[in-house]
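Have a look at the structure below, then the notes.
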Amino acid sequence: MNYKSRILAMAMLAVCTTVLAQTEGTGNPHATVKQVRELPLVTTKINLLTRTYGDSIVLRWAAEDYVSWKYLCEYGVNVLRVPKGDSIRRLQIDTLAYGLKPLTLEQFQAKYPPEDSLALVPQGVLYGDAENRKTDNSVMGRTLEYNNEQDISFGFAMLVAEWRKDLATDMAVRLVDRTAEPGKTYDYYVQPTQWENDGVLIFEPGVAENVVNVPYKPEAYNPRMTDSLSTPHTLTIGWWDGQHSSFEIERRYRSSLMGEESYSAWERATQRPYVSMVEQPEGEDYCLFGDSVPELGIWEYRIRAYDAFGDLTEASPAHSILVRDMDPPRPPMLKYIVLERPETNPSAKVIAHIVWEKSTLENDLAGYRIYYSSNRQQSESWRPLNQDLLSPHDTLYTADVTRMGTSMVYVAAYDDWGNESRSFVQMMRVDDYEAPAPPDNFKAKVEKDGRVMLTWDVPAEDVEYYQVAFANDTTHQWNILSKSGLTQPMFTDTLAMDLNQKYIYYKVRAVDYSTNEGEWSKTLQVKRQPFLIPAVAHLDSAWVDTDGIHMEWVTGADEQMNRHYLYRWQEGDKQRTVIARCNADSVKAQGNIIRIDDAPPYDRNKRYYYAMESFNTSHISSGLSLVYSARFRPPLMVECKLDLAGDFLEKEQKAQLAWTISSMKDQDSADYYLCIYRQGQDESFFRNIKTVAKDTVEYEDTTLKPGQQAQYYIRLMTKDGRTSKASNIVTVTAPRKD
């Protein structure tokens, strides 16, 4: 076999041909196979990628770990190409490279200047001073540390190969096939020049099949991006990318002049390919880049990603960030508030003159806004007196505060970037003679622990506090629960657990800062959650007859009673059977008496047990009542009709009986058997000669001799001891033989 055929066979057969290659030339292939079996096999792979450009094809490969890469660097790799197509002869192999290895240290130093820091990376990884890395292999921690250092070095070298195509080529992990014809199809193989002789490290060659040489189009790039500001000129860009490891980041300034957008030219925000070094939880794949900009305003950023071939993707869509001033202006000082009543009626119009001053007027000061709140306990209730900003030079604002009542007021200053500063708060006391409206949307939510959550809407701005009242009946006297006043539109009440009352009633009203008491809201009826154990039912009377077991139970008259269950069981039963479910309201309508007529299955040997259990609307159980037990003995006779027929079969010399059963009730048809009785001509009574199963309908008597005569009848018996009436009597005669 020639060299090229042998190499192609090894590339296609991978692991099997690797073992064969390792046994060649040893003189004793059996001993080599034995050696391979004794050592742990490690399979490693050469990962091969290709990219077509129309006029050439780039191959890019990498080993799976540091040890495999060092082996390939020491012995080199072979790069093979197999053209595809009908005009190509079978097994045509083109050797693109044989024994391809990285540049030597001298070649690296001659090609790249010392200030090229990226070129120093493969030199250090490939030809670094091994003496400086010696470690005590007897210490597990140091061994793991050395192994981790190797993995990091290998990863960094592969990362540099993505940034620099020339370094990828010089590290022997990249090759350009410039002889590939446009539009043609090829298979490519990358494999070690020399297979490992000890049989421990088994390589799986890199394979790329059906590669069509067409022009390359850069891939689109559209990561999800975020941003944040830490100082007025410092920002952070974030994006999610789990595929690429290095990036180019560009920025430009966007401004608005005379209502038109203008853009500066895109400029690089990074000096070299950027790698995000932020540690993220596994699976997050989140990248961060911090930047400082020279000017406030809108900045746009876009990102390109390096792929394994050193090519850049298309630029991502532009991401806009408003880089703004974050320092608020110095706060104004609210000096005083003067109230004016231009009309004689004290409850009519009220005008407020609000005066403030500001010692420093910043260049970016945009103006002022006055805020007020009638509720001193809720900062979120602040509202503006003026919608448009007042001039930065204003120090007085006049407003109509007739319906506002007593309120809290402050002055806020804003700059062009929206930063805010506030003055101290002052109270504006406005006498008010109009009571607030009754609260609306008054509702309650009853919790399982007996608490009632009452909520309502704020009826007006001028509310100082609320009062909640309750009563156990609408005709009773109302009691105020919150005498000190509630500042929030909510209240929690704890219901008494020892009251046998179904409902409690609530109402609420508002009181303003001028002590005007509003009207009460609509009365809210709330159903109590019962927490008392309901009364236990008891048996009032009971009797047993042939129709069944009859009982009358008396239940509790609790207001919150919901339902009653009657259970039945026998001795030895693992669970009770519910034979009656009764609604409490229906039982109350019948005077709290439950009448039960039970016809259980007949059982002579066991007693039946009964007990009642009651539940209230909170599903609290009363527990089982006292147990009542009784035996049920229905009639001993089974109602049915038995018709018997008989004849003598001369040929067989035997008597044959047949019968039918009719008019049997369903409850008696489950478990029974049949007894056959006979009286011979010399006998004075009938005797039981046979017992047969319920499905049997005939019987043959071979004991009747010629010239003899016998009478027969049948009777049905149940396994619980009941019996039917006897059937009709039939006479069978055996003829004499002449």
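Every number here is computed from the coordinates shown, using simple stated rules; none is lab data. All values reported here derive from a predicted model rather than from experimental measurement. All Cβ positions, glycine included, derive from the backbone under ideal geometry; neighbour counts span all protein chains shown.
Among the listed pairs K45/K184; K45/K217; K690/K719; K654/K705, which are separated by more than 20 Å between their Cα atoms?
K45/K184; K45/K217, as the Cα separations exceed 20 Å there.
Nearest 500 deg cm²/dmol is fine: what mean residue ellipticity at 222 nm does the chain get from its DSSP H runs of n ≥ 4 alone, each adding -39,500 (n - 2.57), divided by its residue count?
Helix contribution divided over all residues of the chain: -4000 deg cm²/dmol.
Just tell me which aspartates and glutamates come within less than 15 Å, Cα to Cα, of K101; anything on the same chain fewer than 8 places away is out.
Partners within reach: E74, D166, D170.
If the reach is capped at under 17 angstrom between alpha carbons, list the lysines near K641, excluding any in the same chain fewer than eight residues apart.
K665, K694, K725
When we measure straight from the Cα of K522, which lysines land under 27 angstrom away, once same-chain ones fewer than 8 places off are left out?
Cα-Cα hits under 27 Å: K443, K445, K448, K483, K502, K507.
Let me know the Kirkwood hydrodynamic radius for the chain, please, with Cα pairs as the basis and the value in Å to one decimal.
With all distinct Cα pairs of the chain included, I get 40.2 Å.
Working from Cα positions, state the angle (0 to 90°, nearest 10) between the long axis of helix 140-163 and the longest principal axis of the chain.
Computed tilt is about 60 degrees.
With a/c under 1.5 counting as rounded, go ahead and sort the stretch 537-601 into rounded, prolate or oblate using the C-alpha gyration tensor (a ≥ b ≥ c being the square roots of the eigenvalues; past the cut-off, prolate if a/b is larger than b/c, else oblate).
Oblate shape, in that a/c is at least 1.5 and b/c is the bigger or equal ratio.
List the trypsin sites (Lys or Arg not before Pro) within the stretch 571-601 that fall in a DSSP loop (any state other than H, G, I, E or B) and whose Cβ has at most 14 other Cβ atoms within 10 Å.
When the trypsin sites (Lys or Arg not before Pro) of the stretch 571-601 are filtered for loop state and at most 14 Cβ neighbours within 10 Å, K574 remain.
Name the residues whose placed amide hydrogens come within less than 5 Å of the amide hydrogen of K45, ignoring near sequence neighbours (fewer than 5 apart) on the same chain.
Amide H neighbours of K45, under 5 Å, 5+ apart: E64, E204.
So, by mean Cβ neighbours within 10 angstrom, what's the order for 185-192, 466-473, 76-83, 684-691 with the highest one leading?
In decreasing order of mean packing, 185-192, 466-473, 76-83, 684-691 become 185-192, 76-83, 466-473, 684-691.
In Å, what is the Rg of the alpha-carbon atoms in the stretch 353-426, and how long is Dmax?
Taking only Cα atoms of the stretch 353-426, I get Rg and Dmax of 12.5, 37 Å.
Using alpha-carbon pairs under 8 Å, 6+ residues apart, how would you state the relative contact order of the chain in percent?
7 percent
Against the longest principal axis of the chain, how steep is helix 3-13, in degrees 0 to 90 to the nearest 10, with axes from Cα atoms?
Computed tilt is about 40 degrees.
Could you work out the mean projected area of the convex hull around the alpha carbons of the stretch 581-671, in square nanometres to one decimal?
10.7 nm²
Go through 268-278, 611-621 and give me the packing order, highest mean Cβ count within 10 Å leading.
Those peptides, ordered most packed to least, come out 611-621, 268-278.
Relative contact order for the stretch 476-601: what is it in percent, counting Cα pairs under 8 Å that are at least 6 residues apart?
19 percent
Need one word for the stretch 443-539: rounded, prolate or oblate. Basis is the Cα gyration tensor (sqrt eigenvalues a ≥ b ≥ c); a/c below 1.5 gives rounded, then a/b vs b/c decides.
It comes out prolate by the Cα gyration axes.
If one takes the longest principal axis of the Cα atoms in the chain, at what angle in degrees, from 0 to 90 and to the nearest 10, does the Cα axis of helix 29-38 lie?
Relative to the chain, helix 29-38 is tipped by roughly 70 degrees.
Take the Cα atoms of the stretch 637-696, build their convex hull, and give its volume per residue in Å³.
112 Å³
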